[in-house]
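The values are calculated or read from the model by the stated rules, or taken from the named source; none is laboratory data. Just so it is clear, the model here is predicted, and its values are computed rather than measured. Cβ placement follows ideal geometry from the backbone for every residue including glycine, while neighbour counts extend to all protein chains displayed. Quick note on the areas: whole protein, heavy atoms, side chains included, nothing else; ligands and nucleic acids left out. Shrake-Rupley method; radii C 1.70, N 1.55, O 1.52, S 1.80 Å.
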Amino acid sequence: MVQTTRATTRTELIINGCEAIAHACRLADIDFVTAYPIRPYDGVMEAIARMIANGDLDADYIVADSEHSQFEMAKHASAVGARAFVGSSGVGWLHAYEAIAVTAGLRLPVVAMVGNRALDDPGAFGVEHNDALSVRDLGWMLTWVDSAQEALDTVLIAYRVAEDHGVFLPCAVAVDGAFLTHSEHLVTIPAREQVERFVPRYNRGGFVLHPDNPITIAPQVDENWLMEIRKQSDEAMRRARGVIASAYAEFAPVFGRDLGNPFIEEYMTDDAEVVLVGQGTLSTPVKAGIRQLREGGQKVGFVRLKWLRPFPTEEMQTSLSRFRAVGVIDRDYSFGSPYSGGVLFNEIRSALYPTGGALAPPVIGFTCGLGGREVTLKDVREMSEILLRTGRGGKEQQATYWIGVRA
Amino acid sequence: MEQIKGVKTVPLNEYYMSGHRTCQGCEPALAMKLTAKAIGPRSIVLGATGCMYVANTSYYTTPWAIPWMHTQLGAAGSAALGTSAGLKALMRKGKLKEEHINVVAICGDGGGADMGVSAISATLTHPQYDSLIVMYDNESYANTDVQASGSTPWGAVTRFTPSGTVHRITQTRIKKNMVGMLAAGHPGCKYVATVCPSFAVDMMQKIRKAIAIGGPTFVHCLTPCPKGWGFAPDLSHEMGIAAVETGVWPLYEIEDGMVRFNGRSKTIAEGGKREPVGEYTRRQDRFAHFTAEDTAYFQGTIDEMWQNWLVPAVIPLSRAAQ
Amino acid sequence: MSANSVEVAYRGVRQTSLAKRISRGIVQSARKEGKLGFTFGRYGDSPERVGIPARQFAVIGSSETELQPFMTPYELDNNDVTVVLDDTLCRGTESWAWHGFQPVNRLTRPGGVLLVLSKMSPGELLGFIAQKGAEYNLAVVEGAANWSTLWKYNDDSDFRILGAIARVAPHLISLGSVEQVIVQDWKRGDKIDLARQSYDQVKVRPVGAGEGVKQALPVRSFPKLQEMKEALVVPAVPAGEPVAGGPYRAERNPNYRSHSARTNRPVVDFARCTRCSLCWLQCPDGAFNITPDGFYDIDFEYCNGCGICVAVCPVKGCMTMVPELQSLSPFDNGESRGISELSPFDKGGLRGI
């Protein structure tokens, strides 16, 4: 019998993003976890394994034979009412793609970590966001974090939102490879009793697979059924916006830390002429670069998107329509897309469309930092200068730029 | 659970009910019925994609009285393991009433012997999780209108292995020996068996043994398929008997490493008569293109299996001369 | 001008090749007259199951634009001709769940033709066919349902059906065109007489509105968005329970009944039955009920007529397969019956066997 530790006080540890998520899993008292190795996410599974071995967490831990099996197992454990955690990176995430798709269709509140990694070929360990972005249309909630602390906090929020009876959707927490997965930061670890207050026990209700609740789950359908089923998922995802918002609102009273706007973080935007927009850890060089630019009098701000699904359409419209130009930094690619831009670029352009005509700021796309390449202060300056020229009525040369390519 | 000794002690209750869109004479459907009878109501069934998913639950309806959940084609092993581990965690942590729930994953030969081998193999390496995987083997991807699988016998016509005017035989692969492979390769698995619904009592006995023995177990069920094999549906039962009597399908169980043959297969293993395989092949249109030489070749593979294998009909090895 | 269509009702797998050949033959014949056309199988029928009723359609028209409205429905209504390749389908068909038991002439247009391959006369067949709210014609080509497997096709009904269509629906295809297809495209000049004979011999009987068997039209009702459970959950079938003072009684899936797969039905002579239970045990469809006195009674809503029970019955003459339309109850709308009604021998034997 494994004894679980019930820490009653908050502590501070120096841990990496993977370990921060492992602590969130421990605090959320997950019941089931399954591991398969691939860089850079697998540190989370190593950390969870140690916690179980040391009696800090009581969960069944299965070493899987593949990512497909991993995600299938998590799905089935979730179906019988177990709180399940799973994760992967890069092509591993895509190896599980079938299971990932059905988890959303089944409306199972699995929480998964994506340790963002470039897709093969060629083999590369560095961060790119295309692995996680592959699930953006499936009914997975999808969020990017930019610190180890935020990784921990967001996993707690993810379980709370995913298991909400009005939602019942899986949630992927995307964590940039290397910069978060492999560097250690000071992280406040909440007390177990705080987490118990914030994340209620997973209750699958009438959908639980158990002999006392004889149901059939996921019978074959024909054309007479799927529209309604898809609409149910659509409505669940629409409801998730409100559930996320209330989770953030209730975070501060429980944990004593205010996480701010649930969906976006604004940095030096109050008087900004133009803003850069991005996700994940590129926030740190961008913030530093912006401070440098401001020393030279250039009024540039930054907006960090936290949740890509559900997409905060209104928040983004309200925020971005204030500026004279918007530059979207994509750590991903979408070859052949409109303007050959990245995924985020086209999502944001689309969100701004109804603000209409002259009021809508021009949106410039920057593909940057692929394959884990550093986003440097020089890159930030280059992007900002393009934006400022555009914002001041300069004729934009092109809608999208690749930044940092050896030309 | 009590052992089923004969037809008179077969439980009356059904848990896989009438009202499914399976073929006339569908032996996989009979395998579902017998499995459900044997495992009873305190069970969870996971069904991988295949005929027994699509035909049973089409469309948005179910014949199952016990909890049933779809799993992906290659995921029977993972479904069993994930379900079993989820239940175990919840019970250990006091979140769910402690009881033994039978976790049974069912897949076809396409899902099991091809795509799902890795996951099944993995599941059989976890002795602390109780589950049973039943692979119903109709020797093709019958649901998708009959294409060759790793479990299709040599020479059989399928949509992917037609008999043509230039190439009479395009199914040149040899049927995979799932049970032998799983038994030989998984010391943590206490029980594997072969069954056929034509031998219903034997099948139910083995299913009950498999769920009672503990740990992960595997049962391989030959299920004659009127659609894929090309015979009239009323011959389904007979076809299973012919498979056993010709020695094409040996009935045996391996319990804690001990091989035990059952019924007619026991007689055959002890040197009794095997019917010629022609009695089996000539009644199936998938073998209609067979020449006498083809039948003789097929017979040779069955003879080899019974006469030369290290463990006849189970382990396909023989000792080299020293 | 609008395109015309022909529906072919057949039994899954057993007559798939035949139905496809007929559908193609219609388009090929129309092509001889300069028309265009296409064929399709009803998508929901696939993957096909042995015996489960299925549909093919052939559409012909004089231009691409005429054909367009016919190209993406899953099934076509208002067919000029409905061809029925197994006369037991005249009872009606339940191909899928939730759609209910449907009259065979449901998709035949008013004034159209229901063309049945049968050894019975139109008048006899009308004893099984549901009423239709409009006049139409019932035509019979003499022949019996032929069964093939996926791997072996041995049938010549296609020649006879095409000849008959030329006769009953000359605005679709002419006999001359059919003959050209048989000789030029199919290289089966030896079969041309079959088409001619059926052209000459097809029996046609006008059917008045309301003539036929009273059969409740199926209620095709699907739950609305808010009525459907989320998370892809449907309730299980109740497990069944012991009948008061009797044995266990199975419940059955109410949303799909497999009876219309039946071409033959099993009948039991209970006087000979030893209650060995093998029929019950080996029935893949669980269609047997255990009676209070320990016999095994067939639920004909769920029996799909595979014949395994008869094959496994160890007592000579106890169980017999009987042609569905020649069994005691000519039109069986799915009600299960008690023993006395079930046993044909108690009522003076069977017709036709």
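Residue C:65 to residue C:293: extension gain in nm, 0.36 nm per residue of separation minus the Cα-Cα distance? Write down the numbers at each step before the final one.
Working: separation 228, 0.36 × 228 = 82.08 nm, distance 6.54 nm.
Taking residue C:65 through residue C:293 to full extension adds about 75.5 nm, to one decimal.
Computed on protein heavy atoms with a 1.4 Å probe, what is the summed buried accessible area for the chain pair B and A, in Å² to the nearest 100?
On the way: alone 14330 and 17340 Å², together 28050 Å².
Interface between B and A: roughly 3600 Å².
Sequence gap at least 6, Cα distance under 8 Å: using those rules, report the relative contact order of region C:4-207 to the nearest whole percent. If you can, show how the numbers build up before the last one.
Values: 448 pairs, mean separation 46.1, N = 204.
Result for region C:4-207 is 23 percent.
Run the numbers on chain C and let me know its relative contact order in percent, using alpha-carbon pairs under 8 Å that are six or more apart.
Values: 738 pairs, mean separation 54.3, N = 353.
Reported relative contact order: 15 percent.
May I ask you to list the trypsin sites (Lys or Arg not before Pro) in region C:180-213 that are in a DSSP loop and have at most 14 other Cβ atoms within 10 Å of their Cβ? Working shown, then result.
On the way: sites: C:187, C:188, C:191, C:196, C:203; in loops: C:187, C:188.
Qualifying residues, ordered by number: C:187.
Quote the relative contact order of chain B in percent (integer), defining contacts as alpha-carbon pairs under 8 Å separated by 6+ residues. If you can, show how the numbers build up before the last one.
Values: 663 pairs, mean separation 53.1, N = 322.
Contact order relative to length: 16 percent.
Counting each DSSP H run of 4 or more residues in the protein assembly as shown as -39500 (n - 2.57), what helix-only mean residue ellipticity at 222 nm follows after dividing by all residues, to the nearest 500 deg cm²/dmol? Walk me through the intermediate numbers first.
Values: 32 runs with 318 residues, N = 1082.
Rounded to the nearest 500, it is -8500 deg cm²/dmol.
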(request) Would you work out the charge dipole size for region C:13-101 about its Cα centre, treating the Cβ of every Lys and Arg as +1 and the Cβ of every Asp and Glu as -1, and quote it to the nearest 20 debye? (result) 360 debye
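Rolling a 1.4 Å sphere over the protein heavy atoms, what is the accessible area per residue of chain B, to the nearest Å²?
Details: 10340 Å² over 322 residues.
With all protein chains present, chain B gives 32 Å² per residue.
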(message) Excluding ligands, DNA and RNA, what is the accessible area buried between chains C and B, summed over both sides, using a 1.4 Å probe, to the nearest 100 Å²?
(response) 4600 Å²
(message) What whole-number distance in Å separates the alpha-carbon centres of region C:228-298 and region B:173-194?
(response) 35 Å
(request) Go through C:207, B:127, C:70 and say which Cα lies farthest out towards the positive end of the charge dipole of the protein assembly as shown; charges sit on Cβ, +1 for Lys and Arg, -1 for Asp and Glu. (result) C:207
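Share of antiparallel DSSP beta bridges in chain A, in percent to the nearest 5? Can you show the working numbers first?
Details: 13 of 51 bridges.
In chain A, approximately 25 percent of DSSP beta bridges are antiparallel ones.
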(message) Can you list which of the DSSP-assigned H helices in chain B have a Cα extent of 15 Å or more along the long axis and an average Kyte-Doolittle score of at least -0.5?
(response) B:27-39, B:76-92, B:200-212
(request) Among A:340, A:245, A:220, pick out the residue whose Cα is farthest towards the positive end of the charge dipole of the protein assembly as shown, where Lys and Arg carry +1 and Asp and Glu carry -1 on C-beta, about the Cα centre. (result) A:220
(message) If you consider only alpha-carbon coordinates, what radius of gyration and Dmax does chain B have, in Å?
(response) 19.1, 66
(request) Express as a percent, rounded to the nearest 5, the fraction of DSSP beta bridges in the protein assembly as shown (both residues included) that run antiparallel. (result) 40 percent
(request) Sequence neighbours fewer than 8 away in the same chain don't count; with that in mind, list the lysines whose C-alpha is under 22 Å from residue C:35. (result) C:20, C:187
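Rounded to the nearest 0.05, what FRET efficiency do residue A:46 and residue A:313 give with R0 = 41 Å and r taken as the Cβ-Cβ distance? Could you check?
Details: r = 38 Å, r/R0 = 0.93.
My answer for the efficiency is 0.60.
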(request) Report the label-to-label distance for residue B:322 and residue A:402 in nanometres (one decimal), using points 7 Å from each Cα along the Cα→Cβ vector. (result) 6.8 nm
(message) Could you put C:32, A:287 in order of accessible surface area, largest first, with the 1.4 Å probe and the full protein assembly present?
(response) C:32, A:287
(request) Scan region A:338-387 for GluC sites (Glu not before Pro) in coil per DSSP, keeping those whose Cβ has at most 15 other Cβ atoms within 10 Å, and list them by number. (result) A:374
(request) Enter the angle in degrees (range 0 to 90, nearest 10) between the Cα long axis of helix A:148-162 and the first principal axis of the Cα atoms of chain A, meaning the one along which they spread out most. (result) 60 degrees
(message) Could you work out what % of the accessible surface of chain C is carbon and sulfur, using a 1.4 angstrom probe and leaving DNA, RNA and ligands out of the count?
(response) 50 percent
(request) Taking Cβ-Cβ under 4.7 Å as the only way to count a partner, pick out the unpartnered cysteines of chain C. (result) C:90, C:273, C:276, C:283, C:303, C:306, C:313, C:318
(request) Mind pulling the angle between the C-alpha long axis of helix A:283-295 and the longest principal axis of chain A? Nearest 10 degrees, somewhere in 0 to 90. (result) 30 degrees
(request) Could you state how much accessible area residue B:294 has, in square angstrom rounded to the nearest 10, with a 1.4 Å probe and all protein chains kept in place? (result) 10 Å²
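Give me D for the protein assembly as shown in µm² s⁻¹, whole number, from Stokes-Einstein with Rh from the Kirkwood sum over alpha-carbon pairs, 20 °C and 1.002 mPa s. Mind showing how you got there, number by number?
Values: Rh = 32.2 Å.
Taking Rh from Cα pairs, D becomes 66 µm²/s.
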(request) Rank C:296, C:159, C:261 by how far each Cα sits towards the positive end of the charge dipole of chain C (+1 on Lys, Arg Cβ; -1 on Asp, Glu Cβ) and give me just the farthest. (result) C:159
(message) Taking the solvent-accessible surface of protein heavy atoms with a 1.4 Å probe, what is the per residue accessible area of region C:58-131 in Å²?
(response) 29 Å²
(request) For every other residue with a beta carbon closer than 9 angstrom to the beta carbon of residue C:318, add +1 if it is Lys or Arg and -1 if Asp or Glu, then tell me the sum. (result) +1
(request) Quick one: angle between helix C:16-32 and the longest Cα principal axis of chain C, in degrees between 0 and 90, rounded to 10, please. (result) 20 degrees
(message) Just to be sure I understand the curve: with the Debye formula and one point per C-alpha of region B:1-131, what is log10 I(q)/I(0) at q = 0.09, 0.13 Å⁻¹?
(response) -0.28, -0.58
(request) Would you please state which residues of region A:211-242 a label at residue C:72 would reach in this model, taking the label point 7 Å out along Cα→Cβ and a backbone N cut-off of under 20 Å? (result) A:222-231
(message) I'd like the interface area for chains C and A: accessible area of each alone minus the complex, both sides summed, 1.4 Å probe, protein heavy atoms only. What is it in Å² to the nearest 100?
(response) 1800 Å²
(request) Kindly report the accessible area of region A:2-255 per residue (heavy atoms of protein chains, probe 1.4 Å, no ligands, DNA or RNA), in Å². (result) 31 Å²
(request) Compute the separation of the alpha-carbon centres of region A:104-176 and region B:200-230 and state it in Å as a whole number. (result) 40 Å
(request) In nm, give the distance between the simple-model label positions of residue A:385 and residue C:203, each being 7 Å from the Cα along the Cα-to-Cβ direction. (result) 9.5 nm
(message) Can you give me the distance in nm between label points at residue B:213 and residue A:14, each placed 7 Å from the Cα along the Cα-to-Cβ direction?
(response) 5.4 nm
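At a 1.4 Å probe radius, carbon and sulfur cover how many percent of the accessible area of region A:264-402? Before the final figure, lay out the partial values.
Details: 2840 of 5800 Å².
Carbon and sulfur atoms account for 49 percent of the accessible area of region A:264-402.
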(request) Distance between Cα centroids, region A:210-247 to region B:24-83: provide it in whole Å. (result) 22 Å
